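The values are calculated or read from the model by the stated rules, or taken from the named source; none is laboratory data. All figures in this text were calculated on a predicted structure; none of them were measured in a lab. Glycine gets a Cβ as well: all are built from the backbone with ideal geometry, and neighbour counts include every protein chain shown. Each accessible area value is taken on the protein alone, full model and side chains, heavy atoms only, with ligands, DNA and RNA left out. Shrake-Rupley method; radii C 1.70, N 1.55, O 1.52, S 1.80 Å.
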Amino acid sequence: MTAPAADADPFLEACRGGPTPFVPVWFMRQAGRSLPEYRAIRGTDSILEVVKKPDLVVEITLQPVRRYGVDAAILFSDIIVPVAAVGFGVDVAQGVGPVVEQPFRSSADLGRLRQLDPEADMPYVLESVRLLSRESPVPVIGFAGAPFTIASYLVEGGPSRDHVKTKTLMYSAPAVWTELLDRLADMSLSSLRAQVEAGAQAIQLFDSWVGTLNPADYRRYVLPSSKRILEGLADLDVPRIHFGVGTGELLGLMADAGSDVVGVDWRVPLSEARTRVGTDVSLQGNMDPAVILAGWNATQLIANEILGQGRGQRHVFNLGHGVLPGSDPDVLTRLVEYCHGWRPEP
């Protein structure tokens, strides 16, 4: 195996498929409610207000880096920020998630989605990234919501179990659906490019709820807009991570959208995910977040299985979704240490 360059960053190298001295680790939602230091400084403002305070965002983003020793810092923000910034009428309700005052219903609502100007509409996000790029000891990950997931919030009016309203619009008004996703794609692309230009060294496109679709519908109704974003970032030469939940049947298509890394949830073994995405894409994942709540012995057992499937090749260790509230920070710290010390058997 080729040795890594002396100055190569393990996280970035794993994303790009290069050799690494250990399996790099970071956790989705690594900053947040599971950390007592977060709860001590968070305050009572909504997340849409917190993200407007760059100094606070920097501190929250770096807390898990200091606590866990993770290999990347993901910007503390929310996928709904760009849509809120253009005045669509979105809020994030405590314990609920994004909620929309007047949901998207027809072509008449397209006019509410004007073009995003990141420097003018969300300068606080870019200032946070600039500060983090100077202060973080590990690469900073910028992120955005993928068009399907953002559209689902706008159409449903909030979180949904079945996405019936979203699918109804998609099937009954395909031209409106396409225009909606194109506008959201342009918004996410503008946001991501601005974050990279501000100093982000990798990006993640969150398509959290696209697993509700079958492969044919994903290919027809979603893939073009996701590809528009990921290919639109290719010239910036930063790793592009593409993640969704319940996307086992979509993993190959998600890789085709143009990512360097495909995030895998816990429902598909990492070895099977490798078969589905091929050998030219790195994998990220994929421990069930609930395992952390079962304590260290259970966590170590599952981690060893996942690491064995990844074999330390093109693998960034992560959970299959975000850190759950109530997770023991000490277990997450030990998990990072364990991944860093793990080596594949000859």
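General observations
- Criterion (small (Gly, Ala, Ser), modelled with pLDDT of 95 or more and under 27 Å from Met28 (Cα atoms)) met by exactly one of Ala216, Ala173, Ala200: Ala200
- Residues of region 93-124 classified as closer than 22 Å to Leu192 by Cα, open to solvent by 30 Å² or more (accessible area, probe 1.4 Å) and assigned to a strand (DSSP E or B), total: 0
- Scanning region 267-288 for residues that are of a type outside the set (Asp, Glu) and open to solvent by 70 Å² or more (accessible area, probe 1.4 Å) returns Arg267, Thr275, Arg276, Thr279.
- Helices (runs of 4 or more DSSP H) contained in region 235-345 and holding at least 1 residues touching a strand residue (DSSP E or B) at 6+ places or on another chain (Cβ under 6 Å): 251-256, 270-277, 296-310, 329-341
- Any hit, region 290-297, residues being more than 22 Å from Asp9 (Cβ to Cβ) and surrounded by 18 or more Cβ atoms within 10 Å (Cβ to Cβ): yes
- Flag if Arg228 is under 12 Å from the mean Cα position of the chain (by Cα) and closer than 18 Å to Pro147 by Cβ: no
- Asp45 passes every criterion in (1) within 22 Å of Ala84 (Cβ to Cβ); (2) assigned to a loop (DSSP other than H, G, I, E, B); (3) under 20 Å from the mean Cα position of the chain (by Cα) apart from (3).
- Among the residues making up region 228-266, those that are open to solvent by 20 Å² or more (accessible area, probe 1.4 Å), of a type in the set (Asp, Glu) and at pLDDT 95 or above are Glu231, Asp235, Glu249, Asp256, Asp260.
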